[in-house]
Amino acid sequence: MTKIDPTNNGVVADEEDIASLYSRLESDRQNFLDRARENAKLTIPSLMPPEGYAPGQRLTTPFQSIGSHGVNTLTSKLVMTILPANSPMFRVSVTDQVVEELSASTTMRSGVEKKLNEIERSVMDEIEGLGIRAALVEAIKHLIVCGNVLLYLPPKGNLRVFRLDRYVVQRDYEGNILRVIIKETIAKEVLPLDVQLLLKPIEDLPSDGTKVEEKEVDLYTVFYRDGDRIRTYQCVKGIKLKKSIGSWPADRSPIMPLRWSYLHDEDYGRAYIDEYIGDLTGVESLSRSIREAAAAAAKINPMVSPTGLTRAQDIAKAENLEVISGRKDDVTMLQFDKQADLSVAQTVLQDLIARLSHAFMMNKAVQRQAERVTAEEIKAMISDIDDVLGGVYSLLAQELQLPLVVRIMDRMVREKKIPDLNQIKGQDGKPVAKPKIVTGIEALGRGQDFNKYMTAMTQIIAPLKDQLAPEMNLRDFAERALISLSIDIDGLFKTPEQKAQDQANTQAAQQGQMTQQMLMDAVKGGVPPMAKAAADAMMNPQGQQ
């Protein structure tokens, strides 16, 4: 039945519709959720607890740690690539038309580069201040293990992470978001007072007075596409929260439902662990078998011949170094004759661990077993493994990095922390500057530009310095290289006034030297004793007494 909210002037929401829609979309999500829980059980169980899990409840412990170690290793590698510690993960690029116009003035181009670099550093400072790095670590773990995670950047506050069992999503065939519903269980006390009053039970019958008021309620946060905008509202028991109504441009909405990999006709993504679930299952099974076999082999059981003279009771009760009567032939030890079988299992286990180590980009897995392994060889092997992640870097750049940067910049524009680049438009009416993610193996952002500058310096400019020096603006080259390292060049180069003063000081020093030299030459032409004394005095003006 449709409910009325007197605080919002009419019909605002239908709890039955929202709840039934969420339930229907849950059925579409179930297969992906079951697979995510299976993957988490073999890696990090707390990432996706089993159904019915209560906070603080004990989780299952895997018999191996290669899964959790691999997830943490790959997560660390990806986070350091997605969000570098030394340089921005993006650059603000301008259109080709603007670049052509700026090429006519090197001074203007350097100024534009400097201003864009300031915007980049401001955005990166905001990212570090919001603690987004910690949220990204959790999000990447969910992507690797579960294949899906939802990021939500509210207008105020830090980035929030929702695991797969907390939300549902609908997409079109191209992967564009049609609808996202987040379900949270919250305490009733955090709701507005007028909404709390509407949630109190209605006493229609005398027996209704004994009803127990709920302490927790389900809060649905709904995002849905409306043309080129994403609209949102929150609903509790059929009551829409008035202050939660809002809308954003589709490319700047605060939600980001991420996927590791996906098919065009699926709403949810596939996990990285899905590709290696066979090896992980094998490692889990063999680790358990070997551990149980080792425990059985470590068990010590003496056996006493039932027809011998030695009594089993004496063996069982004997203390260390205690003398007992009997024959040594009557007592034998229970042997565990499974060494050959365990060696086969151990060999297979090591082979599986080696394959998983390569899959999770563990550096120790790339070093061959030899007495001498050069650093260049290890570096080349690591580079080959990093090449495998090239596609992952590109996917995360489009699915995570670029949307995150766009949303943070939009939030900073609303807070008037940076200028709105969308307001600077060219003749075609389109913005002339926009953020661009630059992915790479060693580093992101302008670090790649610095490598290009250094390559040009060592391979082209240095060998041809005599021919190129008169033709090149070396200061502009140095400014671009420094900006590529995100170094603030304010005050780094001398102003025209400083250079004029330095030149005047140099000329004065040279004039003084010339005068002193002329005086010495004039004195040396006089009487020898006098010339010697004068020359000595000039050479040692503070001579000893």
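Each reported figure results from applying straightforward, stated rules to the coordinates on display, with no laboratory input. Because the structure is predicted, anything quoted here is derived from the model rather than measured. Note that we place each Cβ from the backbone using ideal geometry, even for glycine, and neighbour counts take in every protein chain shown.
Under 5 Å between amide hydrogens, built in the peptide plane, is the criterion, and for SER261 it picks out ARG270 among residues at least 5 positions away or on other chains. Among the trypsin sites (Lys or Arg not before Pro) in the stretch 270-323, those located in a DSSP loop and surrounded by at most 10 other Cβ atoms within 10 Å of their own Cβ are LYS299.
In order along the stretch 306-312, the Karplus-derived 3J(HN,Hα) couplings, from 6.51 cos²θ - 1.76 cosθ + 1.60 at θ = phi - 60°, round to x, 9, x, 8, 7, 9, 4 Hz, and Gly and Pro are given as x. Applying both filters, DSSP loop and at most 10 other Cβ atoms within 10 Å, to the GluC sites (Glu not before Pro) of the stretch 287-346 gives GLU319, GLU322.
Applied to the stretch 194-199, the Karplus parametrisation 6.51 cos²θ - 1.76 cosθ + 1.60 on θ = phi - 60° returns per-residue 3J(HN,Hα) values of 5, 6, 4, 5, 5, 8 Hz, with x for Gly and Pro. In this label model, ALA509 and LYS425 are separated by 5.7 nm, measuring between points 7 Å along each Cα→Cβ vector.
Cβ-Cβ distance of ASP172 and ASP28, R₀ of 25 Å, FRET efficiency by 1/(1 + (r/R0)^6): the value works out to about 0.95.
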